[in-house]
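Only one structure is covered here, and it is reproduced in the block below.
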Amino acid sequence: MPAMNLFFYLAAGVAVISTLAAITRLNAVHSLLYMVTSLLSVALIFYVLGAVYIAALQAIVYAGAIMVLFVFVIMMLNQGPQAADTERLWLSPRTWVGPSILAGILLAEMVVLLHGEPAWLPGDRVVGAKEVSVALFGPYILVIELVSLLLLAGLIGAYHLGRREPDVHGPEGR
Amino acid sequence: MAVIPLEHGLLLAATLFALGFAGLIVRRNIMYVLMSVEIMLNAAGLAFVVAGSRWGQPDGQIMFLVILTMAAAEVAVGLALVLRFHRQYQTLDVDAADRLREQA
């Protein structure tokens, strides 16, 4: 159905434009806004492709959790007396109107998709959470173990790097 | 039913990957470097999901889950490194750390 293809191409255009904006903005917060839009548009593309479970995960983990980490770090590194002025600058409409327009396109697409006829259901074949989970805990059980080890290693690594050391080089030098 | 050509999905993934790579090469701020890596990982995951949906199999989505987890672990370690970097050099310019060993 051509209408479904239109959803894909519109979201693809939003993804490319917002990614391009994300890597060219000079202010880190501005490019984060565009980056969230880009990740959300990829989530919509996943939905159109029939990967509904992955679409939800993309929105929650990528556009949610990972971007929140970026926001935390950027805000942490921006402390200082001029922080309030910077905040005021970031709240100006020029900052958020671009990402808002792009995100509005995605929202409109999502509303139309969710209220569409059943024939508009995504993908030529929906591969939902059940099939993914059956495969994940069947033939791919080793992947789960590897990924959990990876997450543990990431946790320990981030803790080790992030802790504040008393004095790296000590009084007696290296 | 929607049948998006495989080539178009892969083309989009390649475009996003190229944009992320360009950002990685061009930008010198370490936050942008990390964000570009995220874009590239996401584009690789998109390619997996596109290919998986072409055959109607869940394997592509499982590979996306692996990439998602790897991106989460990578960004946690990367941002811890950024904080460390900022504490040591008082800047976010990656070129500030172009020596393996501190100058005496």
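Things to note:
- Charged side chains reduced to their Cβ positions (Lys and Arg at +1, Asp and Glu at -1) give the protein assembly as shown a dipole of some 320 debye around its Cα centre.
- Between helix B:6-26 and chain B there is an angle of about 10 degrees, using the helix long axis and the longest principal axis of the Cα atoms.
- In region B:62-102, trypsin sites (Lys or Arg not before Pro) in a DSSP loop with at most 16 other beta-carbon atoms within 10 Å: B:ARG99, B:ARG101
- Arranged from fewest to most other beta-carbon atoms within 10 Å of their beta carbon, B:SER53, A:SER133, A:SER92 become A:SER92, A:SER133, B:SER53.
- Model label zone, A:MET75; criterion: amide N under 19 Å from point 7 Å along Cα-to-beta-carbon; scope region B:73-92: B:76, B:79-80, B:82-84
- Sequence of A:PHE46, B:PHE64 once ranked by neighbouring C-beta atoms within 10 Å, starting from the fewest: B:PHE64, A:PHE46
- 0 to 90° range, to nearest 10: angle between helix B:30-55 axis and chain B longest Cα axis: 10
- When its C-alpha radius of gyration is set against 2.2 N^0.38 Å (N residues), chain B gives a value of 1.36.
Every number in this text was worked out from the coordinates using simple rules, so none of it is lab data. This one's a predicted model, so the numbers in the text were calculated from it and none came from an experiment. When we count neighbours, we look across all protein chains shown, and the Cβ atoms used for this are built from the backbone with ideal geometry, even at glycine.
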